[in-house]
Amino acid sequence: MIESLVSFAFATLVLALSPGPDNIFVLTQSVARGSKYGIAIASGLITGCIVHTSIVALGFAVIIRDNEWLLYSIKIAGAIYLLYLAYKIFKSDASIEFGDSNTSSQSLWKLYKIGITMNLLNPKVTLFFLALLPQFVIENSYSDWIQIYMLGGVFMLVSLLTFYTIALLAGKAASFIKSSKWFAPAMKWTQIVVFIGIAVAILIP
């Protein structure tokens with residue numbers, strides 16, 4: 001079982017480091033606003049994985065996969081939410097307030113909730129877990145649902161540490177470009193593109 005967890009942890013690290021909607025979003029938020037914001041988003045994204053892991057462990061993922069109307073409804077809800085976030089950024093001005101020691105706890109909590117909502121409204125995460133986690137389940141060992149939770153825990157831990165590292169490094173880099181006149185507008189549109197891109201990715205079969 002230990003060997004399986006180590007192999008799974010390595011596979012998770014490769015996935016977490018690969019360019020994708022989640023780590024790109026953590027990166028853009030960290031560069032735009034500071035490490036604390038990126039960490040808040042990352043924490044929300046990983047918290048949502050607890051639900052996806054539970055869905056797979058308890059067998060509900062199969063129900064979602066086999067009911068196209070339910071799967072499509074979740075996809076539509078997720079895409080609408082992301083497009084709404086993109087619209088809010090579009091309507092805001094291009095100024096960016098970088099995070100510091102006075103970062104509002106309310107703002108961090110809001111971003112944490114956005115991370116959770118983004119994750120929960122993406123059924124592809126559940127289907128991804130359904131395809132990935134069972135591949136590392138060992139027969140004649142612990143019960144399957146226990147192993148699924150163990151694998152899910154490893155996935156969340158490795159991904160969280162990776163996302164935190166991205167947030168911290170990106171936040172440090174941001175301090176060198178605070179005074180740039182082009183940076184704030186560029187980051188505004190980058191965030192809009194990321195949100196729209198994630199929405200499109202959710203809808204694509």
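Could you calculate the contour length gain from A173 to L5, that is, 0.36 nm times the residue separation minus the distance between their Cα atoms, to one decimal place in nm? Don't skip to the end; give the middle numbers.
Values: separation 168, 0.36 × 168 = 60.48 nm, distance 3.35 nm.
Value of the extension gain: 57.1 nm.
Return the subset of K124/K188; K36/K110; K91/K172; K36/K124; K88/K110 for which the Cα-Cα distance in this structure is over 20 Å, preserving the input order.
On the way: K124/K188 26 Å; K36/K110 12 Å; K91/K172 28 Å; K36/K124 27 Å; K88/K110 14 Å.
Violating the 20 Å Cα-Cα cut-off are K124/K188; K91/K172; K36/K124.
Per DSSP H run of n ≥ 4, the term is -39500 (n - 2.57); total these for the chain, divide by its residue number, and report the mean residue ellipticity at 222 nm rounded to 500 deg cm²/dmol.
-26500 deg cm²/dmol
With the other protein chains left in place, how much accessible area per residue, in square angstrom, belongs to the chain at a 1.4 angstrom probe? Can you show the working numbers first?
Working: 11100 Å² over 205 residues.
Accessible area per residue, the chain: 54 Å².
Can you give me the distance in nm between label points at N67 and K91, each placed 7 Å from the Cα along the Cα-to-Cβ direction?
3.3
If all Cα-Cα distances of the range 13-89 are sorted into 5 Å bins from 0 onward, what percent lands in each bin, rounded to whole numbers?
3, 13, 14, 22, 21, 16, 8, 3, 0
How many nm is it between the label spots at I76 and T165, if each spot is 7 Å from the Cα in line with the beta carbon?
With each label point 7 Å from Cα toward Cβ, the separation is 4.1 nm.
Using a 7 Å offset from the Cα along the Cα-to-Cβ direction at both S18 and A131, what is the distance between the two label points in nm, to one decimal?
0.9
Taking the chain as a Gaussian network, Cα atoms linked when under 10 Å apart, which of N23, N140, N122 shows the biggest mean-square fluctuation?
N140
Under 14 Å from a point placed 7 Å out from the Cα of I204 along the Cα-to-Cβ direction: which residues of the range 3-35 have their backbone N that close?
Label zone hits: 19-22.
Heavy atoms only, probe 1.4 Å: what % of the accessible area of the chain goes to carbon and sulfur, would you let me know?
With neighbouring chains kept in place, the figure for the chain is 68 percent.
Match the structure shown to one of the listed values (1) 104; (2) 137; (3) 117 of volume of the Cα convex hull per residue in Å³, computed from it, and give that label.
(3)
Evaluated at 37 °C with a viscosity of 0.692 mPa s, what Stokes-Einstein diffusion coefficient in µm²/s does the range 23-62 have when Rh comes from the Kirkwood expression over alpha-carbon pairs? Don't jump to the answer; show the numbers that get you there.
Values: Rh = 11.1 Å.
This corresponds to a translational diffusion coefficient of 295 µm²/s.
The values are calculated or read from the model by the stated rules, or taken from the named source; none is laboratory data. Everything numeric in this text was worked out from a predicted model, so none of it was measured. When we count neighbours, we look across all protein chains shown, and the Cβ atoms used for this are built from the backbone with ideal geometry, even at glycine. All accessible areas refer to the heavy atoms of the entire protein, side chains included, with ligands and DNA or RNA removed. Shrake-Rupley method; radii C 1.70, N 1.55, O 1.52, S 1.80 Å.
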